[in-house]
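To start, the structure under review is shown below, and the notes come after it.
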Amino acid sequence: DYRHLLTVTCLFLLSLQLGNCLQCYSCSSAREDFCDDTFSFHAQATVQITSCENSLRLSIPGAGPNTHCGKAKKNNDDSLNDYVFRGCVPENYCKLVKSHVKECELCENDRCNDSSKLLPSIYLGTACLLLNWFNLLLKIK
């Protein structure tokens, strides 16, 4: 039955992650305006994506290998906007920088250090539901 195949294909696409190496958005709002806290879709298309396996280790004592994506935010004394950093970081990154930042987040999925973690999955899931609904309508007629 082709509807079953379509459903299985959609579920597979929703769970698909290409490659074994974690990839993170890598930017700094000090150098790039679009790396700010809102991180628009334009920014997601523009910002460099870094493979954590090949990324430089932080030069902070006690920092291990970069195994997570991170986003840190701190006050910027020169501006009304906060300073935002995104990139590959070690598992203990937030603990290492907690006295210097006001917010710190870690995650372990590809490109999870944006501002809209669920949107791509929601769009793909909605498209799959609409395809199944359309196929059901065709079968009824």
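Residues in the range 70-84 that are open to solvent by less than 50 Å² (accessible area, probe 1.4 Å) and closer than 20 Å to LEU56 by Cβ: GLY70, LYS71, ALA72, VAL84.
Taking each residue of the range 20-42 that is open to solvent by 60 Å² or more (accessible area, probe 1.4 Å) and looking for partners that are of a type in the set (Phe, Trp, Tyr) with beta-carbon atoms closer than 7 Å, six or more apart or interchain, yields ALA30/TYR83; HIS42/PHE34.
The values are calculated or read from the model by the stated rules, or taken from the named source; none is laboratory data. Here the structure is a predicted model, which means the values were calculated and not measured. Here the Cβ is made from the backbone with ideal geometry for all residues, glycine too, and neighbour counts use every protein chain on show. Just so you know, the surface numbers come from the protein's heavy atoms only, side chains and all, with ligands and any DNA or RNA stripped out. Shrake-Rupley method; radii C 1.70, N 1.55, O 1.52, S 1.80 Å.
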